[in-house]
Structure formats: C-alpha cells, structure tokens
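The next block holds one structure in the form of structure tokens; read it before the comments.
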Amino acid sequence: MASVNTRKHPNGLDYIEIDTPLCYGRIFLQGAQIDSFVPKGKAPLLWVSPADDYLPGSGIRGGIPVCWPWFGMHANEGWPQHGFARTRLWQLERTHISNERVELSFVLKLSDEDKDYWPHDTEVRLDFVLSDSLRVSLINRNLGEQSVTLTQALHTYFPIGDIHQLRATGFAGSQYIEFGEGPYAQVEDEVRFERETDRVYTGLSELQKLHTPNGTILVSREQSHSAVLWNPWIDKSKRLARFQEQDYLSMVCLEAANVLEDKLVLGPKQSHTLTTEIRWQE
C-alpha cells in the first residue's frame, strides 16, 4: 500500500516521504527538490554528496535541483547562480495516490524579494510522478500580457559507480559548447570521461543512456532540445562547496534543459512543460 507523509530532517528541513510497493522517494519543500528515488529491488537512481549538510537556505548538492528562472550565472553581478527557485520553500498543493503510483504537485509563490529578480506575472509548478520510474515536470505559465524569456534546467545528479567505466550514449548528431567554446559537432554517439566535462548540448535527441557498472539508466526529455552533461573531475572538486574531493568518481549530471537557442520564450497566456523521466533499463 502506498503512503505519503510529511517528515522533518534533523537539520530542520521539511520533506515529503513516499513509500509504495514500487519505490521509495523523498522530496524537500525547499526547492521542491527530490534527493532520493529508489525503485524497489533496485539501486538508487539519484546521487547526493555525503558532504551535504541539508541546511535551510542552501541548495542540496545532489538529487534534482531546479534551475529557474535562469541557468548558470546571471548577467547581473551578485544574483544567485542558477536562479532562486532551488533555495525557496515551495508549497505542496496536490497529492494523488492511484494503485501503486503517486502524483505530487508543488507551486512556488514568489516573495517580494523574488519579484526583484523576476518582475513578471508567471506561475511555476513542479509535478512528480513516482512509480517504477521517476517523472518530473517543470511547468511555466505566462499569466501576463507581455512575452517573457527564461532559461531553466532539471539538474539531475546520477550515481554511476565509477566515472572511468561510465559510457554515456545518445549524443550523435548534436552540437555542444564546452567551457564557453564551440559549438562542436558530436559525431560519435558515445561520451567517455577522462577530464572535467562541462558541456551544453543542443539539437539533442530525446533519449540518452548512462551505462554504469550497476546497469543502464535511461534518461528521457520532453519539450527540451538542450541538455547539460557535467562532471567536475579532480581540480574543481576541491573547490566545490558541500562536495568531497573524491565525489567526482561516483556521479555525473545529465540535465534536461531549455538553454542557449533552446531558451523558453512564452507569449501572453502561453504555457510550457519541461519533463524528464529516469528509470533503470530492464
């Protein structure tokens, strides 16, 4: 029987705990950030750094942080990297349990401080569907009379066992920019990791695969033609907050995104849903 309960982390953050015959999950109200998803009888599908302290006001280093309403650094000095949504408290507005499937819907109510960053009449929601797979949808609605432009990403951290053995596939025919340089053509379907990787892909197919020592993870996207592939490698790992020096060996980020020429332009009264779904390949 499925259950959905509100719990409190020892450091004070509230979270929603989901336990069903098909999976276990945990979603924090701060950032509407899921940090754990484990299909029953299988390995976890999300990674979190052991160094993270789960403190209020600080995004969790792992799971699926929400980058919104901009991805990366903002042109305005001092504005938060990857936007402000991942450190704000979201409200759980809907819970639906159907057989062994759980659906949760969160909404972000903007504060006066948030409106200094984002003075637009919009609504942003995050929907989760948890079963034997995890489906996450970031929904934008433009409620105003003027067009709005934003970039965004579902910044998913995956546990991959050993970065030296990881093969990422599904990249042929796309282009990428790495460290601000490019674009380069991705001729080969496969990506291997031998150094820091920080690539923004465009023109990408909707399905990629992470071939790990523990099995193959399927990562799909909808209404997204861009994605980010990231591993900090050795030197950058030493500079990252809430990240151990050896963490790069066991994680990779593959992020469903709307960035660069895939940025989101919403006309008056328009809506858009960015979705990612992850599962173990049978």
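The values are calculated or read from the model by the stated rules, or taken from the named source; none is laboratory data. These numbers were taken from a predicted model, which means no experiment stands behind them. Quick reminder, even Gly has a Cβ in these numbers, built from the backbone with ideal geometry, and neighbours come from all protein chains shown. For accessibility, only protein heavy atoms count, side chains too; no ligands or nucleic acids. Shrake-Rupley method; radii C 1.70, N 1.55, O 1.52, S 1.80 Å.
Of the strands (runs of 3 or more DSSP E) lying entirely inside segment 200-282, those carrying at least 3 residues that are crowded, with 21+ Cβ neighbours inside 10 Å and of a type outside the set (Ser, Thr, Tyr) are 215-222, 226-231, 251-258. Taking the conditions exactly as written (at pLDDT 95 or above, surrounded by fewer than 16 Cβ atoms within 10 Å (Cβ to Cβ) and farther than 24 Å from His272 by Cα), does Glu196 satisfy them or not? For Glu196, the condition - at pLDDT 95 or above, surrounded by fewer than 16 Cβ atoms within 10 Å (Cβ to Cβ) and farther than 24 Å from His272 by Cα - is not met.
Okay, residues lined up against (1) closer than 22 Å to Phe179 by Cα; (2) under 14 Å from the mean Cα position of the chain (by Cα); (3) not charged (D, E, K, R):
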site: Gln223; (1), (2), (3): no, no, yes
site: Asn231; (1), (2), (3): yes, no, yes
site: Gln244; (1), (2), (3): no, no, yes
site: Tyr248; (1), (2), (3): yes, no, yes
site: Val252; (1), (2), (3): yes, yes, yes
site: Glu255; (1), (2), (3): yes, yes, no
site: Leu274; (1), (2), (3): no, yes, yes
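Against the numbered list (1) closer than 20 Å to Thr276 by Cβ; (2) touching a Phe, Trp or Tyr at 6+ places or on another chain (Cβ under 9 Å); (3) crowded, with 18+ Cβ neighbours inside 10 Å, Ile163 comes up short only at (1).
For Trp79, state whether it is more than 15 Å from the chain's Cα centre (by Cα), among the hydrophobic types (A, V, I, L, M, F, W, C) and within 17 Å of Leu154 (Cβ to Cβ).
no
For Lys40, indicate whether it is open to solvent by 40 Å² or more (accessible area, probe 1.4 Å) and free of Cβ contacts under 8 Å to residues at least 12 places away in the same chain. Here the answer is no, as Lys40 does not meet what is asked. Looking only at residues of segment 5-16 that are open to solvent by less than 40 Å² (accessible area, probe 1.4 Å) and of a type outside the set (Phe, Trp, Tyr), we find that the one that is farthest from Leu110 (Cα to Cα) is His9. Of all residues in segment 25-46, exactly one satisfies the criterion of being within 21 Å of Leu218 (Cβ to Cβ), touching a Ser or Thr at 6+ places or on another chain (Cβ under 7 Å) and not in a loop (DSSP other than H, G, I, E, B), namely Gly25.
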